[in-house]
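Read-outs throughout are calculated quantities, based only on the coordinates presented, and are distinct from any laboratory measurement. Predicted model, so just to flag it, every value in this text is computed and none were measured. FYI the Cβ positions are ideal-geometry reconstructions off the backbone, even for glycines, and counts take in every protein chain you see.
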């Protein structure tokens, strides 16, 4: 039996383990990606390992998240990141060069390579045939140091595409349709691979849109073949030498196949406040909107923005709507300026923002109270926009443009003939905002600059023989890392200061959580299914660890957050009997007697609810390698040789 494309790349990079679904594998990483929201901590962790130079083929450090610079803290982080990149041999993408995933696809991603990024939307590069995986910052730091990336071998989910998209139907609608079918946890433990005759009709920018939002499925990654579309894109970027043809074998076997006829798709919308609340746009037509935002790390390409500009050209944004447009990169910004699309956007009344993440994670453009916001972004988790009671709809840039003109959600098919935008033959490739890695001699004399807000990397404590603690909080299903540790303009400047950022833990869920954790001396978190979905931010594990959380019990975990908990010495356990979840309440005192020995003997963990006199059985969900991390109090302790 032949291999899928993803299996071929994994096999070429496999160093440890066997390619058996669910078994742990260790793969070699070619490229890494960090950004300033997660990257400061990742680079601090890299430094803590005592390694003198990056050992991957390529590492790129981006500044694209914390761009507000309301005080010294973000600026200090950016200076630290630039000097750390110089000292240790990484590329540095300066503020203004663009959003990491857009720039990575334009200038760095290569078919057949592995890319590990400290950002959950790293799979964006799967649109070029790269095996691109998001992870926590510590896993990226280890990879930059030459270590392997470990993960359970995913199963292969094939999406067989036929037909072609109808007018006004977009790549966004493809991934929204998959979210409608599979939900936000339907891709957990899977790689989503696209194949079939319909693939050839999709441009690279359309493919990266789909792969980017595969993160919303919970998938390990998503990938398209590297074909003639890929070659044309790389040639237009001046990188044709990076192209190699890649596809799955004709007899490749997928664990599951979804058949999707592109001819049958219609415009879709994800309603508030989860990306899988997907309905046909016709079901919400007429819903008033007061804000429209186009562009983030998804749907900010040249093709997307030129299309929006064509829809708006000669018209006016509705008086009740505030519209923003975000170019994904300096390249995109330059090209829409040169071809006149920028003038069309401005002339229609759109506000053009800098090439940064911005509204997507609550850095500006928080919606007004009680209004609906329509966005072409990838997430609409409650409160992520910066407004706690927000109502954010997700849709294609074309549907967003239609709503901006009318002031209500509008089926774009009512606008007449759609604009026809072809991928450019030549992109405005100019890397003058990318600082090349210093050579080793110059790097050795470079001083890494740290501002006063940059604190040392926090370290866990080795696991005790027994653990006792009270239930600090009980949450439901699909709790996101935004719930656990929010983003936003007030929080992001603290990403390099764990004591300070921990004050925001569960702020949007329970404002008493932090005070309770301090008063009770830490404790235990109880969650539902898919706990920790969403962003890769390891701060959602670091902050609870700082507050004394030693155990998280859940029905199931999202992949990246599970790894982040383990890497930071927090014990993740899964309910043996799911109905036991219903018997646990805030304040219950739980006792894990002899848990250290139990885990070493590979047995289920028995827990006593001292408050209610109940007994439970919980199951570990980690490998023997990860157990060593937990016993030592985290991966950094283990790496530094702390006695476990």
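Taking a label point 7 Å from the Cα of residue 589 along the Cα→Cβ vector, which residues of the stretch 470-490 have an amide N closer than 17 Å to it?
470-473
Could you work out how far helix 171-182 tilts from the main Cα principal axis of the chain, as a 0 to 90 degree angle to the nearest 10?
Helix 171-182 sits at roughly 40 degrees to that axis.
Restricting to the stretch 5-264, compute how many DSSP beta bridges are antiparallel as a %, nearest 5.
Antiparallel bridges make up about 20 percent of those DSSP assigns within the stretch 5-264.
Throw me the Rg/Rh for the stretch 268-388, computed over C-alpha atoms with Kirkwood Rh, two decimals.
The Rg/Rh ratio comes out at 0.95.
Give me the distance in nm between label points sitting 7 Å out from Cα along the Cα-to-Cβ direction at residue 614 and residue 255, one decimal.
If labels sit at residue 614 and residue 255, their model points lie 3.1 nm apart.
Obtain the nm distance between the two label points defined at residue 490 and residue 228 by a simple spin-label model: each point lies 7 Å from its Cα along the Cα-to-C-beta direction.
Modelled inter-label distance: 5.5 nm.
Return the whole-Å distance between the Cα centroid of the stretch 499-514 and the Cα centroid of the stretch 366-397.
For the stretch 499-514 versus the stretch 366-397, the Cα centre distance is 22 Å.
Given labels modelled 7 Å from the Cα in the Cβ direction, how far is it in nm from residue 519 to residue 432?
5.9
Output the direction-averaged projected area (hull surface divided by four) of the convex hull of the alpha-carbon atoms of the stretch 501-574, in nm².
Mean shadow area of the hull around the Cα atoms is 4.3 nm².
Express the relative contact order of the chain as a whole percentage, based on alpha carbon pairs under 8 Å and six or more residues apart in sequence.
Answer for the chain is 14 percent.
Along the Cα-to-Cβ line of residue 466, 7 Å from the Cα, sits a label point; which residues in the stretch 572-615 have backbone N less than 11 Å from it?
Within reach of a label on residue 466: 591-595, 608.
Angle check, please: helix 72-88 long axis (alpha carbons) against the longest principal axis of the chain (alpha carbons), in degrees 0 to 90, nearest 10.
90
If you build the Cα gyration tensor of the stretch 5-264 and take the root of 5 times each eigenvalue, what three semi-axes come out, in whole angstrom, biggest first?
30, 21, 17
Taking 8 Å as the Cα distance limit and 6 or more residues as the minimum spacing, I'd like the relative contact order of the stretch 467-639 as a percentage.
Over the stretch 467-639, the number comes to 24 percent.
Could you list 168, 520 so that the one with the fewest beta carbons within 10 Å of its beta carbon is first and the one with the most is last?
520, 168
Compute the angle between helix 36-48 and the longest alpha-carbon principal axis of the chain, please, reported from 0 to 90 degrees and rounded to the nearest 10.
Approximately 40 degrees, to the nearest 10.
If you find the alpha carbon centre of the stretch 563-615 and of the stretch 125-194, how far apart are they in angstrom?
Result: 32 Å between the Cα centres.
For residue 447 and residue 19 in one chain, what is 0.36 nm times their gap in residues minus the Cα-Cα distance, to one decimal in nm?
149.8 nm
Among bridges DSSP assigns within the chain, what percent are antiparallel (round to 5)?
35
Tell me, in nm to one decimal, what length is gained between residue 320 and residue 79 on full extension, where the rule is 0.36 nm per residue of separation less the Cα-Cα distance?
That works out to 82.7 nm of additional length.
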